[in-house]
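Single-structure report; data block below.
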Amino acid sequence: MDAILLQILNGLDKGSAYALIALGLTLIFGTLGVVNFAHGALFMIGAFCAVTMQRILTISQTTIDESRTDFLGNPMKVETPYVENWFGPELGGAIIDWAVPLAILFAIPVMICIGFIMERGLIKHFYKRPHADQILVTFGLAIVLQEVIKYFYGANPIPTPAPAAFTGSFDFGVLLGFDPNAIIYPLWRLVYFVFSLIIIAAVFGFLQFTTFGMVVRAGMADRETVGLLGINIDKRFTIMFGIAAAVAGLAGVMYTPINSPNYHMGMDFLVLSFVVVVVGGMGSLPGAVLAGFLLGILESFASMNEIKSLVPGIDQIIIYLIAIVILLTRPRGLMGRKGVMEE
Amino acid sequence: MLGLNSKDTKFLLIVIFLTLATPILLQPFPEGSGMAQFNAGYPDLMQRFAIYGIFAIGFNILFGLTGYLSFGHAAFLGIGSYSVVWMYKLLDYNVIWGLPLAIITSGIFALAIGFISLRRSGIYFSILTLAFAQMSFALAYSVLTPLTNGETGLQVYRSDKQVLLGATEPTSPHFFGIVMRENFWEPSVGNWQFTFNNGYYFCAIIAILAFYLSLRIFRSPFGMMLRAIKSNQQRMNYTGLNSRPYTLAAFVISGMYAGLAGGLLASMDPLAGAERMQWTASGEVVLMTILGGAGTLLGPVLGAGFIKYFENIFSKINDNVLHTWFGFLPDGIEDFMVTIVHPFVGKGWHLTLGLLFMAVVIFLPGGLVELGQRVGRLFRRRDINSADAEAKAAKQRANTPAE
């Protein structure tokens with residue numbers, strides 16, 4: 001029992017990342033009808049927002065400390081970040097420590113801007129072209145974004161630690177009456193899960209309970225009619241593209257302590273997220289979220305030793321296997337609307 | 001001749017001539033001159049032109065004719081390589097055992113994958129093929145290690161049986177004694193040096209055969225049927241035609257081409273690694289085909305040559321080379337130009353490729369071939385009939401349904 005619970009928990013953090021990326025993909029597909037292969041790159045750019053934030057906060061001033069000497073006997077150079085100079089070592093240190101969560105504030109405007117530029121500058125011109133062209137041009141864009149990041153940040157993963165307060169792990173088992181140490185879960189993953197739930201709730205709330213969201217939903221159902229009613233639906237869809245980019249970016253920011261970001265992390269996640277979208281159903285937002293968590297958890301179950309010894313290699317292919325089965329038996333996905341992309 | 005009309009025969013002869021003369025044509029600059037770095041007439045690169053040309057020709061039979069965009073063709077490339085290396089390990093270094101096996105195994109895999117994937121079309125087909133390719137890649141890396149040697153890659157060891165290996169036989173890939181890595185003629189004319197390599201000509205002859213086959217397919221009723229599927233599948237279905245056998249045949253044929261290309265890769269260099277199956281490799285063949293011009297005969301070959309050539313040349317250009325290029329400018333501007341160009345060359349070649357690819361998809365959906373046609377049309381402007389013909393062509397293009 002505790003083993004099963006542990007696997008479910010293990011699947012949640014990857015599942016959250018899948019769910020957030022797939023949510024953004026579905027938002028874009030549902031509103032604009034565009035298959036965005038560059039969405040993984042947006043996730044990656046989000047992660048590098050966190051890296052940038054960390055770098056900005058640790059820009060240092062070099063001073064010479066006469067009281068100490070280095071191994072050659074010269075006075076030692078001490079680097080103190082400007083933030084510590086301004087706010088004092090304690091508050092400044094805390095700010096640097098919290099670089100990743102702080103990067104959220106930085107990432108939201110950046111990602112929305114990137115989303116706007118992408119939509120207005122490129123994707124706008126591809127609405128009338130076939131899906132294959134959309135896939136190809138966004139695939140090219142993904143390569144370009146990835147290479148730009150590689151040029152500025154290098155090819156190696158860059159470690160970005162979580163705040164010290166969240167580095168430990170949390171004994172989940174004690175809460176539920178298991179033995180201590182039976183279910184231990186890293187705190188940051190818990191934070192990531194809760195964070196993704198908040199984002200998902202925010203997106204759904206925004207669509208469900210605001211006038212703006214209502215118009216967008218109406219536009220998703222029938223774009224032409226909404227346009228005929230005198231609403232500028234294109235502008236709203238552009239804003240939705242920005243929001244989708246921000247969702248992907250935030251997923252990336254918070255994911256950095258779990259896996260050190262590198263320039264190709266976006267591509268790695270993209271393929272899986274597409275599979276998630278297809279399993280959930282093209283254009284269905286709840287489907288994307290559900291499938292994201294479901295596949296994350298299934299993947300973690302498949303990597304249990306008991307199952308791996310039964311079916312070797314299953315942990316590597318389970319997601320693709322499920323996608324193939326779903327596509328063949330129920331092409332519109334788990335929660336897809338009837339008639340949407342069902343050929 | 002050979003079942004082709006006179007225009008196609010001429011076309012084929014030109015292609016044959018170009019392929020066979022490649023070692024001379026790609027070596028236009030004398031040795032030791034500043035331009036020598038743009039020469040591409042060395043065996044390794046020419047072999048890759050021919051091999052990736054075959055890969056792209058095959059991919060084009062599926063994507064160019066039927067419009068089904070497969071993102072998983074690299075799996076067949078990997079399967080082809082593995083089969084050839086296994087034949088080295090079991091029998092001997094003669095590629096005659098491995099290449100047919102590569103075609104057959106990749107054909108069988110293509111049949112199985114195509115049978116399932118072709119039940120869907122459009123983006124679902126792309127994702128299904130992608131899923132299959134990623135599955136093969138993941139399995140080759142992990143569970144199938146006894147077959148694929150995992151991360152190290154499959155290669156021939158001294159302890160391997162090699163039952164047919166005679167005492168006098170070469171110990172690197174060969175075709176009945178013709179060793180692939182050897183050059184049969186290295187003439188030098190003045191400062192020019194040419195290399196005629198066995199491996200290149202082996203690949204080139206196979207590539208010509210592959211090209212001829214694809215030419216026949218393009219001109220056959222079968223090819224016409226595939227084109228009809230691309231332009232309007234629904235209509236085909238309404239006329240009572242089951243289109244799936246045709247698409248499946250196209251998928252299997254292009255899978256076999258990919259297997260052959262993979263086999264040739266292993267014939268030139270007796271190694272096979274799982275990274276050949278990764279989906280970025282499938283992306284590469286898509287890039288080649290689109291860049292050259294999907295649906296045209298010559299386009300994919302041009303695209304493959306273009307990408308492989310510039311990959312090679314661009315990655316060799318470093319800051320020193322740039323400084324000599326911009327040396328004629330004043331110092332400040334020289335440094336500025338070098339800083340600007342630097343991210344696009346050397347290790348940044350993929351950035352250039354990505355930008356180029358986007359530009360082609362946006363502005364030139366017909367690829368390099370369309371570019372050539374447009375340029376050609378510019379020169380023929382003076383012809384009185386051409387304006388008329390162009391208007392007709394534009395009208396026809398506007399009438400073609402955009403899927």
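The values are calculated or read from the model by the stated rules, or taken from the named source; none is laboratory data. Keep in mind the model is a prediction, meaning the values are calculated, not measured. Note that we place each Cβ from the backbone using ideal geometry, even for glycine, and neighbour counts take in every protein chain shown. All accessible areas refer to the heavy atoms of the entire protein, side chains included, with ligands and DNA or RNA removed. Shrake-Rupley method; radii C 1.70, N 1.55, O 1.52, S 1.80 Å.
Can you pull out the residues in region A:283-314 that are open to solvent by 20 Å² or more (accessible area, probe 1.4 Å), within 18 Å of the chain's Cα centre (by Cα) and of a type outside the set (A, V, I, L, M)?
Across region A:283-314, the qualifying residues are A:Pro286, A:Phe293, A:Glu299.
Any residue at all in region A:88-104 that is open to solvent by 80 Å² or more (accessible area, probe 1.4 Å), within 23 Å of A:Cys49 (Cα to Cα) and assigned to a loop (DSSP other than H, G, I, E, B)?
yes
Could you look through region B:112-123, keep only residues that are at the interface with chain A (Cβ under 9 Å from one of its Cβ atoms) and farther than 24 Å from A:Gly313 by Cα, and pick out the one that is least open to solvent (accessible area, probe 1.4 Å)?
Here the residue is B:Ile123.
This table checks each residue for (1) small (Gly, Ala, Ser); (2) away from every other protein chain (no Cβ under 14 Å); (3) farther than 26 Å from A:Thr138 by Cβ.
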{"residue": "B:Tyr93", "(1), (2), (3)": "no, yes, yes"}
{"residue": "B:Leu99", "(1), (2), (3)": "no, yes, yes"}
{"residue": "B:Ala110", "(1), (2), (3)": "yes, yes, yes"}
{"residue": "B:Phe125", "(1), (2), (3)": "no, no, no"}
{"residue": "B:Thr129", "(1), (2), (3)": "no, no, no"}
{"residue": "B:Phe132", "(1), (2), (3)": "no, no, no"}
{"residue": "B:Phe137", "(1), (2), (3)": "no, no, no"}
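For region A:315-339, name all the residues that are open to solvent by 20 Å² or more (accessible area, probe 1.4 Å) and either small (Gly, Ala, Ser) or more than 9 Å from chain B (Cβ to nearest Cβ) (or both).
Result: A:Ile318, A:Ile322, A:Val325, A:Ile326, A:Thr329, A:Arg330, A:Arg332, A:Leu334, A:Met335, A:Arg337, A:Lys338, A:Gly339.
Quick one: in region B:12-28, of everything that is assigned to a loop (DSSP other than H, G, I, E, B) and open to solvent by less than 60 Å² (accessible area, probe 1.4 Å), which residue is modelled with the highest pLDDT?
Per the criteria, the residue is B:Ala21.
Checking the conditions here, which among A:Thr160, A:Thr167 is over 17 Å from A:Leu25 (Cα atoms), among the hydroxyl-bearing types (Ser, Thr, Tyr) and open to solvent by 20 Å² or more (accessible area, probe 1.4 Å)?
Of the residues listed, the single one that is over 17 Å from A:Leu25 (Cα atoms), among the hydroxyl-bearing types (Ser, Thr, Tyr) and open to solvent by 20 Å² or more (accessible area, probe 1.4 Å) is A:Thr167.
Keeping to region A:124-136, report how many residues are surrounded by 15 or more Cβ atoms within 10 Å (Cβ to Cβ) and within 11 Å of another protein chain (Cβ to nearest Cβ).
Of the residues in that region, 9 qualify.
Sort out which residues of region A:181-210 are part of a strand (DSSP E or B) and among the aromatic types (Phe, Trp, Tyr), and write them in order of number.
Going residue by residue through region A:181-210, those that are part of a strand (DSSP E or B) are A:184-186.
If the condition is that a residue be part of a strand (DSSP E or B) and among the aromatic types (Phe, Trp, Tyr), then A:Tyr185 is the only one that fits.
A quick yes/no check of all residues on (1) at the interface with chain B (Cβ under 7 Å from one of its Cβ atoms); (2) of a type in the set (D, E, K, R):
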| position | (1), (2) |
| --- | --- |
| A:Arg120 | no, yes |
| A:Thr138 | no, no |
| A:Leu141 | yes, no |
| A:Gln146 | no, no |
| A:Pro157 | no, no |
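When the residues of region B:139-157 are narrowed to those that are in a helix (DSSP H, G or I) and more than 9 Å from chain A (Cβ to nearest Cβ), which ends up farthest from B:Thr280 (Cα to Cα)?
Looking at the filtered set, the residue picked out is B:Pro146.
Those residues that are β-branched (Val, Ile, Thr) and either more than 29 Å from A:Thr52 (Cα to Cα) or within 14 Å of chain B (Cβ to nearest Cβ) (or both), I need them from region A:246-288; list them, please.
A:Val271, A:Val275, A:Val276, A:Val277, A:Val278, A:Val279
Tell me, which helices (runs of 4 or more DSSP H) lie completely within region B:43-117 with 1 or more residues that are more than 16 Å from B:Pro300 (Cβ to Cβ) and acidic (Asp, Glu)?
Those helices (runs of 4 or more DSSP H) span B:43-66.
Which condition from (1) in contact with a helix residue (DSSP H, G or I) (Cβ under 7 Å, 6 or more places away or on another chain); (2) of a type outside the set (Ser, Thr, Tyr); (3) modelled with pLDDT under 90 is the one that A:Ala107 breaks?
(3)
Take the residues in region B:217-240 that are among the aliphatic types (A, V, I, L, M) and in contact (Cβ under 8 Å) with a residue 12 or more places away in the chain; name whichever of them is most open to solvent (accessible area, probe 1.4 Å).
In this case the residue turns out to be B:Met225.
Within region A:163-174, identify whether any single residue is within 24 Å of A:Ala245 (Cα to Cα) and under 20 Å from the mean Cα position of the chain (by Cα), and answer yes or no.
No; the residues of region A:163-174 include none that is within 24 Å of A:Ala245 (Cα to Cα) and under 20 Å from the mean Cα position of the chain (by Cα).
Restricting to region B:154-190, name every residue that is polar (S, T, N, Q) and either touching a strand residue (DSSP E or B) at 6+ places or on another chain (Cβ under 7 Å) or open to solvent by 100 Å² or more (accessible area, probe 1.4 Å) (or both). Write out each step before concluding.
Initial filter on region B:154-190 (polar (S, T, N, Q)): B:155, B:159, B:162, B:168, B:171-172, B:183, B:188.
Result: B:Gln155, B:Ser159, B:Thr168, B:Thr171, B:Ser172, B:Asn183.
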